[in-house]
Each structure stands twice: as C-alpha cells, then as structure tokens.
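The values are calculated or read from the model by the stated rules, or taken from the named source; none is laboratory data. Note that this is a predicted model, so its numbers are computed, not measured. Cβ sites come from the backbone with ideal geometry, for glycine too, and all protein chains shown count toward neighbours. Please note that ligands, DNA and RNA were not included when accessible areas were found on the heavy atoms of the full protein model with its side chains. Shrake-Rupley method; radii C 1.70, N 1.55, O 1.52, S 1.80 Å.
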Amino acid sequence: MPQMSTTIDQLCQRLEDCGQAALSRYLQGVTPEKAQNAFAEQIQAIDLGDLQTLVKRYVTGYQSPPTPGSVKPAPYYALDGTGPSGVWARDEYQAKGEQLIKAGKVACFTVAGGQGSRLGYDGPKGCYPTSCVNEKSLFQLFAESIRKNELKHDCVIPWYIMTSPLNHEATVSFFEQHDCFGLQRDQIMFFKQGVMPSLNAQSGDMLLSDPMHLATNPDGHGGSFKALHASGAIDDMKRRGIEHISYFQVDNPHSNVVDPVFLGLHAFAPDSSGEFSSKMVAKARWDEKVGVFCDVDGATQVIEYSDLDEDLAKQTEANGRLSFNAGSIAIHAIGVSFIERVLGDADASLPFHRALKKVAHFDIATGRPVEPDTNNAVKLEKFVFDAIPIAQRSIVVETDRVEEFAPVKNATGTDSIESSKELQSLRAARWLGANGVSVPMNSDGTVNATIEISPLTAVGPDDLASVELPESIQPGQTVVL
Ligand code: UTP
C-alpha cells in the first residue's frame, strides 16, 4: 500500500507509461492522503502491464475475430443412443458415473458471480424466489438436490460456489440465515472471482464508479479457473479426493447437479480425456440465443449465436433437423487436474472477450456523474467454454430440454421466471405421468395445474416410485410433493 508521496508518484508514472495519464493526474489531486492511498490501492490491484495490452487489443485497436475456417456440427452422444462412434451403452456409463459419485470423487460447482442485470433483481441471483409454489430460491433448490443425491448415493458431495466481490457477503449470509438449507456448513466453500476495470469504449481509460472507486466488473465465468486456484478451492478438492467437478450456472433450476450418465461418459468414454465435457440440448429454433457446439478445423468449440453464420444456423438435414443443432446449456464436467494444467500453462490461458455496455460512472474531466443512454464502456470477460479446445478430447452429450433447462435470465418473456415456472410444472407433470398419474394439459402443451416437486422428494422420475401419489391431478390444481 502506498504510504508516501514518492510511492504515489511512482504509481502515477506507471499509469502514464501505460496510457492512463488522465487517471494519473486525477490521482495526484485526490485528498486527503488517506483517501488517496485507498484509491491507489485499488489501482495497484490491477495488472497495469497486462491492461495496456488489453486496451490495445480490445478497445483502441479492436478488430473482430477472423471468421473460423471449416465449421461443421460437433459430434455428440445423442439421447437416441447413437454417439460419435456408433451406439453407446447408457446403463454402462450410468453405473460408472454412480461409482464415481459414491466414491466421493465428484463435487458440485456453481458459478454465481454474475451481475444478473437482465433479471433486475436486487440481490444475488441465487436468492431469487424461483420454485412454482413455495418460491424456493435457486440456492435452496440446488442445496436440496445435492442433499437428495447424497442420500441416494450414500456420500458427501462438497459444493463450491463462486461469488463476486459485489455479491459475496449477501450470498454467504443468505446461506447462514437458512442453515445452509440442510447441508453442512463445512461442505460448502464460497469464494470470490476476480474483477476487471470497465474501460471507456473510445479511449480505453479506466472508468470510476464514484470519485473514490474504480468501476469494475466480474471477470466472467471463465474467471472461475483462476479463482478456484487462488481461493484454495482446488487444494481443498485434492485434499477431499475430488477428481471431477459438476459445473452449472446459478440461473437454471433444472440443473441435474450430479448426473451419473454424463459423469460416466466424461470420465470413461474412449473419446473423452476426462478433462472438459459439455451438455447440449437440441436448439428450439435456428435463431435461439444459445452458443452452438461446432467442430472448427477438427476441434470442438462453442460458437456464440451472434457469431454463427446465418446460412449455417439455418441449414437443415434431410429429416428437417437443424444441422447446427447442439445448443449449449452451460453444464460441464471438468477434471480437477485439467484446471491445474490450464493454469500452469501460459499458452493455454483463456482469452478475454469484449462486451459493449452502458456503464454509469463519475467523469473525472467534468467532476460529474454520467448516466449514458448508449454503450459507453468495454467490459472484459473470460468464458469457461473457451477451455474446450484446450482439452485433449472433449465430448458433448445431449440431454432433454425440459428435464435440464429452465433458465431464469430475464424479468419477462423468453427465459424468464414465468417461462421457467411453466417448465418446472411441465417437468413435474412428466415425472408424475411416468408414474401413472394423469395430469391435465392445455392445448399449447403447458400443464393445466401448478406442480412443485421438492428435490428432497425426487431428483428424477424414478424417485417417485416410492412416494404416495394421487391418481390424477385436477385442472387448475396446485400440488406440492
Ligand atoms: P450470464 O451470462 O447470464 O450473466 O451468466 P449474468 O451476469 O448472470 O446476467 P446478465 O447478463 O447481467 O443479465 C451466466 C452464469 O455465469 C455466472 C452467472 O452468475 C450465471 O450463473 N457468471 C457470469 C459468473 O459467475 N461470473 C461472471 O463474471 C459472469
């Protein structure tokens, strides 16, 4: 921490040398000294050498990435039992995955450091009331799913939760207020991801959120690799004998927190190196806003919906199915040793992506706050799926959309709490139907009832076999099991 004016002078010189002269002048004028030192400390936490390179690459000298060479659909293990090299045996991989879970070699990992700006909820997204009747939070639904799986597999499943400096305290206290929803406190580890400075989209100058603070943003879900290591989470996993991580996002209440089939394929399929595997669902429409698993020059990678050529996105097979059908739902299985390999190899580090955003800030030139109405800032983030091409052999596994994808991204419309609740009732209706219960349906395929099945009751249709169920559900009825 700079204690003397010479140290502040040195920092100002560094700022000037790396193209942040305006901030340097501003810092020189900050008083009193205590405030100046506190502000300098924030600046020192940023790797200024790196920042200069990033500003050139992503702001002042930004060029769109070249169009990928040969793009083909990525092969995947399909729900119909066909796979990249013929028919695959679901039962065999399920048994292998169950062994891994029972042996305590699998941990859950939830990325919950995002800002959730589209949802507009005032609090960590994981605390958002989500289940259709009892309005359980996303965190509670995951905690109960983990607990149910522990009981089924007679094991302990540690849970790692990545927060950001913006929502860490609120997240931890939410769990503490609710006694960790029945889990043991020491099986949950919370840790913060890193942040990046938000940059003026023209000049690359670091923005301030107020006169005494830099404006920052979490460094993306791809920041999780670094944060897992820096927080000691990787060491904690190794101490507990964890070999594979079941990765899911905080906003999908249908995440199957430990899926034996997926984990079995990830760890044991001959074309998987057990490093980084992904789940996909068939895209709902050609322009659905999800990344697509593609084979680019022989390697699997995710191409974002906005980057996939429109003609390719619309292309169909003889049976009418989209050729580029494999939509990413951000569920992965990741080998612990793979994360260590990526972190230890400078050439394998995940790249940044730039996003143009509106960032309210304090303008150091005028001394006034600014509320922009157009995008004025570049945010830099890493994406976890950029690890796919680094893996030696990465596989993609199809899953059913209703079973595993009911995201809460927006306040209304597509991928909102309304659409998620509809899907939650629909999945519950399917599970009940599979157990002989008749459920009233609407002509548009939605359920004419509101049904909530607690994860403590069932995390899959088979779990309902031992539960006392009604013969039928009445139209408009509200049911909680
Ligand atoms: P999103 O891409 O949906 O971003 O994150 P977001 O920040 O949550 O929401 P918007 O875009 O502001 O509306 C997908 C998942 O990745 C996590 C989120 O918490 C969510 O689980 N994430 C995202 C992080 O953990 N850190 C980040 O820096 C970004």
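L79 meets all of the listed conditions (1) modelled with pLDDT of 95 or more; (2) open to solvent by less than 60 Å² (accessible area, probe 1.4 Å); (3) among the hydrophobic types (A, V, I, L, M, F, W, C) but one, namely (2). Of the set (1) assigned to a helix (DSSP H, G or I); (2) near the ligand (Cβ under 10 Å from one of its atoms); (3) not hydroxyl-bearing (S, T, Y), all apply to F248 but (1).
Which residues, taken from the stretch 158-182, are away from the ligand (no atom under 14 Å from the Cβ) and in contact with a Gly (Cβ under 8 Å, 6 or more places away or on another chain)? Matches in the stretch 158-182: F174 only.
Scanning the stretch 462-481 for residues that are more than 10 Å from L432 (Cα to Cα) and aliphatic (A, V, I, L, M) yields V467, V479, V480, L481.
Go through the stretch 115-125 and give me each residue that's open to solvent by less than 20 Å² (accessible area, probe 1.4 Å) and more than 8 Å from the ligand (Cβ to nearest atom). Quick ask: steps written out before the conclusion?
Just the residues of the stretch 115-125 that are open to solvent by less than 20 Å² (accessible area, probe 1.4 Å), to begin with: 119, 124.
Answer for the stretch 115-125, where residues must be open to solvent by less than 20 Å² (accessible area, probe 1.4 Å) and more than 8 Å from the ligand (Cβ to nearest atom): just P124.
Residues checked against (1) among the small types (G, A, S); (2) open to solvent by less than 90 Å² (accessible area, probe 1.4 Å); (3) part of a helix (DSSP H, G or I):
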residue: Q10; (1), (2), (3): no, no, yes
residue: R14; (1), (2), (3): no, no, yes
residue: Q28; (1), (2), (3): no, no, yes
residue: A35; (1), (2), (3): yes, yes, yes
residue: A40; (1), (2), (3): yes, yes, yes
residue: T53; (1), (2), (3): no, yes, yes
residue: K56; (1), (2), (3): no, no, yes
residue: K72; (1), (2), (3): no, no, no
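Of the residues making up the stretch 252-270, none is surrounded by 21 or more Cβ atoms within 10 Å (Cβ to Cβ), within 16 Å of the ligand (Cβ to nearest atom), in a helix (DSSP H, G or I) and not aromatic (F, W, Y). Residues in the stretch 196-225 that are on the phi > 0 side of the Ramachandran plot and within 15 Å of the ligand (Cβ to nearest atom): G220 only.
Of all the residues that make up the stretch 126-139, how many are within 16 Å of the ligand (Cβ to nearest atom) and either assigned to a helix (DSSP H, G or I) or charged (D, E, K, R) (or both)?
Our first condition is that a residue be within 16 Å of the ligand (Cβ to nearest atom); within the stretch 126-139, this holds for 126-128, 130, 137-139.
Next, from what is left, pick out any that are either assigned to a helix (DSSP H, G or I) or charged (D, E, K, R) (or both): 126-127, 138-139.
Qualifying residue count, the stretch 126-139: 4.
The single residue among L456, L469, L432 that is open to solvent by 70 Å² or more (accessible area, probe 1.4 Å) and of a type in the set (A, V, I, L, M, F, W, C) turns out to be L456.
Within the stretch 246-261, which residues are within 15 Å of N149 (Cα to Cα) and under 18 Å from the mean Cα position of the chain (by Cα)? Step through it out loud before you land on a result.
Initial filter on the stretch 246-261 (within 15 Å of N149 (Cα to Cα)): 246, 254-261.
Passing the criteria: S246, H254, S255, N256, V257, V258, D259.
Within the stretch 223-241, is even one residue closer than 24 Å to T171 by Cα, acidic (D, E) and surrounded by fewer than 18 Cβ atoms within 10 Å (Cβ to Cβ)? Within the stretch 223-241, one or more residues are closer than 24 Å to T171 by Cα, acidic (D, E) and surrounded by fewer than 18 Cβ atoms within 10 Å (Cβ to Cβ).
For the stretch 157-172, indicate whether the set of residues that are touching a Lys or Arg at 6+ places or on another chain (Cβ under 9 Å), among the hydroxyl-bearing types (S, T, Y), crowded, with 18+ Cβ neighbours inside 10 Å and assigned to a loop (DSSP other than H, G, I, E, B) is non-empty. Looking through the stretch 157-172, at least one residue is touching a Lys or Arg at 6+ places or on another chain (Cβ under 9 Å), among the hydroxyl-bearing types (S, T, Y), crowded, with 18+ Cβ neighbours inside 10 Å and assigned to a loop (DSSP other than H, G, I, E, B).
Go over the candidates E398, E404, E381 one by one and state the one that is touching a residue at least 40 places away in the same chain (Cβ under 8 Å), open to solvent by 40 Å² or more (accessible area, probe 1.4 Å) and under 27 Å from P253 (Cβ atoms).
The match here is E381.
Among residues of the stretch 85-114 being among the β-branched types (V, I, T) and in a strand (DSSP E or B), the one that is nearest to the ligand (Cβ to nearest atom) is V111.
Take the conditions (1) within 25 Å of the chain's Cα centre (by Cα); (2) open to solvent by less than 10 Å² (accessible area, probe 1.4 Å); E176 misses just one of them, which is (2).
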